[in-house]
Amino acid sequence: MKHLRLMAETARDAQHHNALPFLPFLSPFLEHMYSQVTLLAPQLDPAEPQAPIPLEECELYLVACMLFLKNVLEASAYRENKSAVAYSVCQSFFTCERAVALCQLLISRYLVFHVDALQEWEQEPEVFLAEIETSDWEHHAAPCAEALYLELIKYMRGEIARQVIESLESTLQNPSVELSHVLLRDACYRAIGISNNELYDYIPFDRWFQHMVQDMQNPHPS
């Protein structure tokens with residue numbers, strides 16, 4: 001895993017600092033990074049008392065893969081007016097179907113809190129929040145997933161916005177108080193919260209506020 005991480009970090013840095021010279025390698029690395037983010041996504045039920053990504057090397061590898069995808073999406077050198085070839089490669093790779101699928105994956109697998117985090121929050125909430133605010137986001141999977149998600153919204157706002165809204169609506173229509181369901185709904189709220197500027201025109205605030213009030217009034221432990 002260490003060698004894979006070093007390879008991914010090297011490709012990430014090379015693309016970030018030399019976007020156009022990296023162009024001959026762009027397509028195969030996009031495919032590779034995307035496949036790794038998909039295949040190595042946390043497989044555990046959020047309710048299981050185990051960290052979502054237990055190996056530090058694995059998390060750092062996933063971080064490098066997500067940052068590569070993020071950097072490609074925001075690279076000004078790949079705009080249509082800068083390089084028609086690079087623009088074509090990005091358009092061919094980041095199709096609507098793939099962008100929406102990646103968004104779903106990030107929310108449901110990377111932004112969901114797991115029991116370890118919930119226990120830490122319950123025991124020492126101030127310490128938990130302090131660690132989140134002061135930690136180096138480029139070394140942890142969840143904040144990198146948030147950063148990639150935000151770039152996806154900028155890249156394809158309408159399609160991604162509809163998907164995020166539909167995901168939350170689906171959880172709201174199901175009143176289940178099972179922890180895994182509650183955590184998925186929380187992840188949807190989290191995604192919408194960090195992208196509220198981009199999604200403002202799509203959000204039915206009044207209706208959602210009523211659901212949030214009902215959640216807060218629910219006496220169930222979840």
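With the requirement that a residue be assigned to a helix (DSSP H, G or I), of a type outside the set (A, V, I, L, M, F, W, C) and modelled with pLDDT under 95, what does the stretch 54-71 give you? Spell out the reasoning first.
Step one: of the stretch 54-71, the residues assigned to a helix (DSSP H, G or I) are 56-71.
So of that shortlist, the ones also of a type outside the set (A, V, I, L, M, F, W, C) come out as 56-57, 59, 61, 70-71.
The answer is Glu56, Glu57, Glu59, Tyr61.
One line per residue, one yes/no per condition, for (1) at pLDDT 95 or above; (2) more than 29 Å from His3 (Cα to Cα):
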residue: Tyr34; (1), (2): yes, no
residue: Pro52; (1), (2): no, no
residue: Leu73; (1), (2): yes, no
residue: Ser83; (1), (2): no, yes
residue: Glu97; (1), (2): no, yes
residue: Ala101; (1), (2): no, no
residue: Leu106; (1), (2): no, no
residue: Tyr110; (1), (2): no, no
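Considering only the stretch 151-180, how many residues are touching a residue at least 24 places away in the same chain (Cβ under 8 Å), more than 27 Å from Glu74 (Cα to Cα) and not aliphatic (A, V, I, L, M)?
First pass over the stretch 151-180, keeping only residues touching a residue at least 24 places away in the same chain (Cβ under 8 Å): 151-157, 159-165, 167-168, 172, 177-180.
Going one step further and asking which of them are more than 27 Å from Glu74 (Cα to Cα), we end up with 172, 177-180.
From what is left, the residues that are not aliphatic (A, V, I, L, M) are 178, 180.
Of the residues in the stretch 151-180, 2 are touching a residue at least 24 places away in the same chain (Cβ under 8 Å), more than 27 Å from Glu74 (Cα to Cα) and not aliphatic (A, V, I, L, M).
For the stretch 67-84, give me each residue that is surrounded by 12 or more Cβ atoms within 10 Å (Cβ to Cβ) and among the hydrophobic types (A, V, I, L, M, F, W, C).
Those that are surrounded by 12 or more Cβ atoms within 10 Å (Cβ to Cβ) and among the hydrophobic types (A, V, I, L, M, F, W, C): Leu67, Phe68, Leu69, Val72, Leu73, Ala75, Ala77.
Looking at this structure, is Pro24 surrounded by fewer than 16 Cβ atoms within 10 Å (Cβ to Cβ) and at pLDDT 90 or above?
Working: surrounded by fewer than 16 Cβ atoms within 10 Å (Cβ to Cβ): yes; at pLDDT 90 or above: yes.
Considered against the rule, which asks whether it is surrounded by fewer than 16 Cβ atoms within 10 Å (Cβ to Cβ) and at pLDDT 90 or above, Pro24 comes out as yes.
Run Ser88 past the list (1) buried (at least 19 other Cβ atoms within 10 Å of the Cβ); (2) out of contact with any Lys or Arg (no Cβ under 7 Å at 6 or more places or on another chain) and report the number of the one that doesn't hold.
Just one mismatch for Ser88, condition (1).
Pairs under 6 Å by beta carbon, first residue more than 15 Å from Gln163 (Cα to Cα) in the stretch 189-208, partner modelled with pLDDT of 85 or more, six or more apart or different chains?
Cβ pairs passing all conditions: Ile194/Glu146.
Filter the stretch 174-203 down to residues that are among the β-branched types (Val, Ile, Thr) and part of a helix (DSSP H, G or I) and give me whichever is surrounded by the fewest Cβ atoms within 10 Å (Cβ to Cβ).
Residues of the stretch 174-203 that are among the β-branched types (Val, Ile, Thr), as a first pass: 177, 182, 192, 194, 203.
From the residues that got through so far, the ones that are part of a helix (DSSP H, G or I) too are 182, 192, 194.
Working: Val182: 20, Ile192: 20, Ile194: 17.
Applying the filter and picking the extreme gives Ile194.
So, Tyr202, is that one under 18 Å from Val100 (Cα atoms), modelled with pLDDT of 80 or more and hydroxyl-bearing (Ser, Thr, Tyr) or not? Walk me through how you get there before you give the answer.
Working: under 18 Å from Val100 (Cα atoms): yes; modelled with pLDDT of 80 or more: no; hydroxyl-bearing (Ser, Thr, Tyr): yes.
So Tyr202 fails the test.
Do any residues in the stretch 58-75 that are within 12 Å of Cys144 (Cα to Cα) have Cβ atoms under 6 Å from those of residues that are among the β-branched types (Val, Ile, Thr), where the two are at least six apart or on different chains, and which pairs are they?
Glu59/Ile53; Cys65/Val37; Met66/Val37
The values are calculated or read from the model by the stated rules, or taken from the named source; none is laboratory data. This structure is a prediction, so every number in the text was calculated from the model and none was measured. Virtual Cβ from ideal backbone geometry, glycine too; neighbours counted across all protein chains shown.
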